[in-house]
Amino acid sequence: MQLAFRILDLAARLLLALGVGCLLLAAYLAWLTLSFSRDAARTTGEVVSYREIPDGGATRYSPRVRYKTANGEIITIDGQFATTSRRFEIGESVPLNYKVAKPTEARIALFTDNWLGPCIASVIGLLGLAGGFLVRKQTRRELAKTRP
């Protein structure tokens, strides 16, 4: 019986560690997005093609977007988020953020490209913390019942 409680306590600690790790990851990803956006100029680009990325048996697609900077320079970038389907039509306009000092560094300015990662990491982190606390609390409660 004691072995089962030790295993549950270990599981609770691992869930807590997962939660903390995911929350730290979420904070880091959010910080990267915010620091990029702080120094960025906003423009609109046009999807000109897709880069195909082999991924095991599947193919992932990353959009290639061409845009014009404030000083008239025309630049083409690959989107940072590759999916198994083509998210945009060729010729479709998409919002972009780019670094004024380094215009070749740009991001598609949509929720999925900037905030989906931090949101998913936050949810997993909060679930890990909640699960760890609940398992640990229940384990201690049951352990207290078995002691004379």
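The values are calculated or read from the model by the stated rules, or taken from the named source; none is laboratory data. Since the structure is predicted, the reported quantities are computational estimates derived from the model, not experimental observations. All Cβ positions, even for glycine, are placed from backbone atoms using ideal geometry, and neighbour counts span all protein chains on display.
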### Query
Of (1) touching a Lys or Arg at 6+ places or on another chain (Cβ under 7 Å); (2) assigned to a loop (DSSP other than H, G, I, E, B), Asp9 satisfies all except one. Which?
(2)
### Task
Any chance you could count how many residues in segment 33-61 are touching a helix residue (DSSP H, G or I) at 6+ places or on another chain (Cβ under 9 Å) and not hydroxyl-bearing (Ser, Thr, Tyr)?
1
### Message
Take residues that are surrounded by 15 or more Cβ atoms within 10 Å (Cβ to Cβ), touching a helix residue (DSSP H, G or I) at 6+ places or on another chain (Cβ under 7 Å) and among the small types (Gly, Ala, Ser) and tell me which of the strands (runs of 3 or more DSSP E) falling wholly in segment 67-108 contain 1 or more.
### Response
none
### Task
With respect to Gly56, determine if the residue is more than 27 Å from Ala101 (Cβ to Cβ) and either without any contact (Cβ under 8 Å) to a residue 12 or more places away in the chain or among the hydroxyl-bearing types (Ser, Thr, Tyr) (or both).
yes
### Task
Scan segment 35-59 for residues that are surrounded by 12 or more Cβ atoms within 10 Å (Cβ to Cβ) and assigned to a helix (DSSP H, G or I) and report the count.
2
### Task
Could you give me the residue pairs with C-beta distances under 9 Å whose first residue belongs to segment 16-43 and is within 21 Å of Val100 (Cα to Cα), whose second residue is loosely packed, with under 13 Cβ neighbours inside 10 Å and of a type in the set (A, V, I, L, M) wherever it lies, and which are 6+ apart or on separate chains?
Asp39/Val100; Asp39/Ala101; Ala40/Val100; Ala41/Ala70; Ala41/Val100; Thr43/Ala70
#### Entry: Criterion violated by Val135 - all others in (1) buried (at least 18 other Cβ atoms within 10 Å of the Cβ); (2) under 25 Å from Arg38 (Cα atoms); (3) more than 22 Å from the chain's Cα centre (by Cα) satisfied
(2)
### Message
Whether any residue in segment 47-56 is touching a Leu at 6+ places or on another chain (Cβ under 7 Å) and closer than 30 Å to Leu127 by Cβ is what I want to check.
### Response
no
#### Entry: Residue list for segment 63-96, filter: of a type in the set (S, T, N, Q), modelled with pLDDT under 95 and within 17 Å of Thr112 (Cα to Cα)
Gln80, Thr83, Thr84, Ser85
### Query
Being out of contact with any helix residue (DSSP H, G or I) (no Cβ under 8 Å at 6 or more places or on another chain) and exposed (fewer than 12 other Cβ atoms within 10 Å of the Cβ), is that true of even one residue in segment 13-30?
no
